[in-house]
Every structure is written in C-alpha cells, then in structure tokens.
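Reviewing the structure listed below.
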Amino acid sequence: MRVLRPDLEVWATSYLRDELRQLGVDAEVDSMEPADMRFPLGRPLVVVRDDSGPRTSPVGFDASLGVSVLAGSRQDDREARRIGRLVFAILSDDDLPLVEGSPVTAVDYGGCSGPYSVDDPHDVARRYMTISWAVVGSW
C-alpha cells in the first residue's frame with residue numbers, strides 16, 4: 001500500500017489562517033515569503049515551512065515545521081511578539097488531533113520551541129519557532 005505523507009504546508013496554513021481570523025488577527029498566512037515583499041508590511045505575515053521528518057510506521061510520519069512571523073518594525077516588535085505567541089499556542093495545542101480533517105496525531109512538545117527574535121536585514125520584526133508533530137498519511 002502506498003501511503004502519502006500529508007501536505008502539511010497546505011493544512012497548517014489553512015488551519016492557522018482560520019484560527020487567527022477567529023481571534024481577530026488580520027494576517028497573511030502562506031508557505032513562502034513573497035518575492036516582491038515591500039516594507040513596511042501592510043499587514044503581518046506568517047510563513048509556514050514543512051521541514052519534513054522520518055517515516056515512523058506504515059502510516060505515520062514525524063513532522064517538523066519552521067514558522068516565521070513578520071510584523072511591525074525592528075524598533076517596535078510588539079505585534080510580532082503578540083502574533084508569534086498566538087501562532088505558537090495554536091500550532092502546539094494538544095487538541096490538534098481532534099480537529100476535523102487534521103493529520104496530526106500528537107504534538108511532540110520536545111520539538112516545539114520559540115518564538116524567538118531573529119535578525120532581519122529589513123526594517124521588520126521577525127519571530128521564529130519550530131513545531132513538531134506526529135502525523136498520519138493517507139492512501
């Protein structure tokens with residue numbers, strides 16, 4: 001049986017976009033930074049990258065996500081800090097396996113860290129975090 005790894009960038013960006021909207025956060029959520037990004041940003045940007053992980057069973061995989069939050073400026077990072085904390089809480093929530101359509105079977109808390117400040121060459125505040133999950137594939 002061929003088991004496909006879940007497309008975590010698609011699932012996580014969609015889920016995160018909906019969760020942030022419900023919390024009243026107007027942010028762009030995508031899997032890549034736009035090539036033509038201009039500063040200052042018109043609204044915060046959250047970028048979710050799937051860093052993959054090994055297959056752990058016939059249908060299971062370990063997954064590692066790298067997530068960046070860009071908002072505000074180097075001199076005023078309050079928005080990036082606030083949104084970064086929300087994103088971390090959403091993506092490391094132990095109820096993720098209960099979300100309808102979720103490929104997440106467990107959150108690996110040992111692989112979840114951040115959000116912490118990362119220097120950016122542009123005048124924007126950047127927060128970065130890692131998220132680690134056990135996920136199930138499909139056939």
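Peptide packing for 90-100, 127-137 was compared via the average number of neighbouring C-beta atoms within 10 Å per residue; ordered from the highest value, the list is 127-137, 90-100. Relative to the longest principal axis of the Cα atoms of the chain, helix 78-91 runs at roughly 10 degrees. Over the chain, all Cα pairs binned in 5 Å intervals from 0 give whole-percent P(r) values of 2, 10, 20, 23, 18, 12, 8, 4, 2, 0, 0, listed from short to long.
Let me check I've understood the local charge: for Gly110, count other residues with C-beta under 14 angstrom from its C-beta, Lys and Arg +1, Asp and Glu -1. What total comes out? Net charge around Gly110: -3. Compared with the dominant Cα axis of the chain, that is its longest principal axis, helix 8-22 is turned about 50°. Placing one identical point scatterer on every Cα of the range 1-74 and ignoring solvent, what is log10 I(q)/I(0) from the Debye formula at q = 0.13, 0.26 Å⁻¹? For the range 1-74, the Cα-only Debye profile gives -0.48, -1.20.
Other residues within the sphere of radius under 11 Å centred on the Cβ of Glu28, judged by their own Cβ, net out at -1 (K and R +1, D and E -1). Size descriptors for the range 3-43, from the alpha-carbon set: Rg then Dmax equal 12.8, 43 Å.
No value in this document is a laboratory result; all are computed from the given coordinates. The structure displayed is predicted, hence computed values, not measured ones. Ideal geometry is used to build each Cβ from the backbone, glycine not excepted, and the neighbour counts take in all protein chains shown.
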